[in-house]
Amino acid sequence: MEELVELDSRLRVSLGKLGLTPHSRYLVSKESDGRLVFTPAAVIPEIEARFLANTELLERIAANRADPSRMVRRRGG
């Protein structure tokens with residue numbers, strides 16, 4: 001889908017006119033031919049990013065969830 005948009009005097013454009021889903025943050029990359037590519041983005045806390053980057057821990061969690069015998073039962077619950 002292509003649609004012609006015009007920049008205002010401050011070089012802004014309204015993305016709402018394009019009928020996009022309501023994202024408030026985008027990563028924007030500029031291609032060598034001048035095209036701008038907007039990719040919806042999310043901000044997560046640094047501690048969550050570190051957790052998601054820890055593949056060894058994620059693999060251990062997945063293995064534990066896949067094998068209920070590895071679960072540790074808590075007392076009183």
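A few comments on the model shown:
- Order of MET71, MET1 - criterion: other Cβ atoms within 10 Å of each residue's Cβ, fewest first: MET1, MET71
- Applying both filters, DSSP loop and at most 13 other Cβ atoms within 10 Å, to the GluC sites (Glu not before Pro) of the chain gives GLU2, GLU3, GLU6, GLU31.
- Averaging 1/r over each pair of different alpha-carbon atoms in the chain and inverting the result gives 17.5 Å, the Kirkwood hydrodynamic radius.
- Amide hydrogen neighbours beyond the local backbone of TYR26, cut-off 5 Å, H modeled: ALA41
- Helix content alone sets the calculated 222 nm mean residue ellipticity of the chain: runs of n ≥ 4 DSSP H residues at -39500 (n - 2.57) each, divided across all residues, give -7500 deg cm²/dmol.
Values quoted throughout were computed directly from the atomic coordinates according to the rules given, and no laboratory measurement underlies them. These figures come from a predicted structure and were not determined experimentally. Cβ atoms come from the backbone with ideal geometry, glycine included; neighbour counts cover every protein chain shown.
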